[in-house]
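Have a look at the structure below, then the notes.
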Amino acid sequence: MYGKKEARMTKGLAILCMLTLHLFCRKGADVYGTPLIWLNDTTPLVYYFGFFAEICVPLYTLCTGYAQQLLYKAGGQQWKGNLRRIWRLMLNYWVILVLFSMLGLLFPSDGSMPGTLAKFLKSIVLLYSYNGAWWYLDTYIIMMLIPPIVLLLPVRKCSAGIGLICCLIIQFAYYISAKFGFWPEAPFSQAALAFIWNQLDNLVRVLPYFWAGAFLCKGDIIEKAGVLLDRHAPNHKKLTLLSAFAGLFIGICALHQAILMPAVAVMVFLLFNLWKKGVFAEKIFMFLGKHSTNIWLTHMFFYLRLFPGTVQKAKYPLFMLLLLIGMSIGASFCINAVLLFLKACFRNIRLRYYSSDGSLSG
């Protein structure tokens, strides 16, 4: 049964994919560090790990859609719950914004953060971004602001199988439209209209993954796939899943077509959640999942935006990845400490001004 534990581990996989994508999906002069294996003059082997890792945002969104449908099935899906999630995420974001703005002022950096006062103030309300990875923050919040009864309407109207096929068709249509210019990028010169268009574009790009996650939940696809695995490969489950993943990775890298990534994301989501992980693997993915939000919101500062070139000093791909994970998790612990301090302050304020029966004190 897919639950909170599985969702956290899947987010752990997603954040690992995000770091791999941003560090290694590079060719030629853009390659970071010193890869040991090169397939030709411009392409290191590690590039294909970065290319495959484009499933990071789809995996996040599949988790979100699955969780929202799970709550709906249990009768606990309410708009107020989504508003609380948005508040917690924004509080997390504001702490990161202030902390890294202070770092930008205190230490030598590229000077991009906080920049002007206008940029900082606009960033508070998500009208400006210091970090390219923050685009998903706006999109996630817009999704959660849509009442669940509206957001999950397509899921209620379609069967799981037809719904999943429709989601893949929508992604295919979006890809073709964008590639051949039928869906232009920000066709407005006015800043406000361009901003609205970009948000719409991101939402259209992400919503099919949200619905796909909800359809996977509605149809109990993971459980049904697990039954088939038990029936046809009862003694070789891990080998079967490993072979399926290896075949998927090799096939996608050989074809090298981004249009296939939506289907790949769904298949990886299924394979990962069918895998009965050992204690060590569970702990690793749970730990990464626990810190995934902070890693997502901070990792780009350590290799590109605020302190460019810091991670690249590790030179070799594996060392760079481990250093980026370590620095992002270190930042996450600091952020969580600030959040705990703020929560304690808010709690003390409530206790100070309200008596035990809820009435004003003093």
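The values are calculated or read from the model by the stated rules, or taken from the named source; none is laboratory data. Not measured: the values here are computed from a predicted model. Using ideal geometry, Cβ is built from the backbone for each residue, glycine included, and neighbour counts are taken over all protein chains shown. The accessibility values were calculated without ligands, DNA or RNA, using every heavy atom of the protein model including side chains. Shrake-Rupley method; radii C 1.70, N 1.55, O 1.52, S 1.80 Å.
Observations
- The largest accessible area among Asp220, Asp30, Asp201 belongs to the first residue in Asp30, Asp220, Asp201, and the rest follow in falling order (1.4 Å probe, all chains).
- Rounded Å value of the spacing that divides the Cα centres of the stretch 302-336 and the stretch 8-39: 13
- Cβ-Cβ FRET estimate between Ile142 and Trp38, R0 fixed at 51 Å, reported to 0.05: 0.75
- For the stretch 158-299, radius of gyration divided by Kirkwood radius, i.e. Rg to Rh on alpha-carbons: 1.04
- Between Ile124 and Arg85, the C-beta separation translates, for a Förster distance of 22 Å, into a calculated FRET efficiency of about 0.70.
- Cβ-based charge dipole, the chain, positive-most Cα from Cys25, Asn273, Ala314: Asn273
- Along the axis of the charge dipole computed for the chain (Cβ charges of +1 for Lys and Arg, -1 for Asp and Glu, origin at the Cα centre), the listed residues Ala194, Trp38, Ala246 are led at the positive end by Ala246.
- Compared with the direct C-alpha span, the chain from Lys224 to Ile196 gains 6.0 nm at full extension, assuming 0.36 nm per residue.
- Gain in span if fully extended, His256 to Ser159, counting 0.36 nm per residue against the direct Cα distance: 31.8 nm
- Under 5 Å, built H, 5+ apart or other chain: amide partners of Trp38: Leu45
- For the chain, the Cys residues with no second cysteine's beta carbon closer than 4.7 Å are Cys25, Cys63, Cys158, Cys166, Cys167, Cys217, Cys253, Cys334, Cys345.
- Over the chain, volume per residue of the alpha carbon convex hull, in Å³: 191
- With the cut-off at under 16 Å, measuring from each backbone N in the stretch 130-172 to a point 7 Å along the Cα-to-Cβ line of Lys313 picks out no residue.
- Two tests apply to each whole DSSP H helix in the chain, Cα reach of 24 Å or more along its axis and mean Kyte-Doolittle hydropathy of at least 0.0, and the ones passing both are 4-24, 56-73, 79-106, 160-179, 191-218, 237-255, 317-353.
- Cross-link pairs beyond the 25 Å C-alpha cut-off, checked among Lys283/Lys315; Lys4/Lys343; Lys11/Lys276; Lys290/Lys343; Lys224/Lys290; Lys73/Lys277: Lys283/Lys315; Lys224/Lys290; Lys73/Lys277
- Each Lys and Arg Cβ is given +1 and each Asp and Glu Cβ -1; about its Cα centre, the stretch 1-80 then shows a dipole of about 520 debye.
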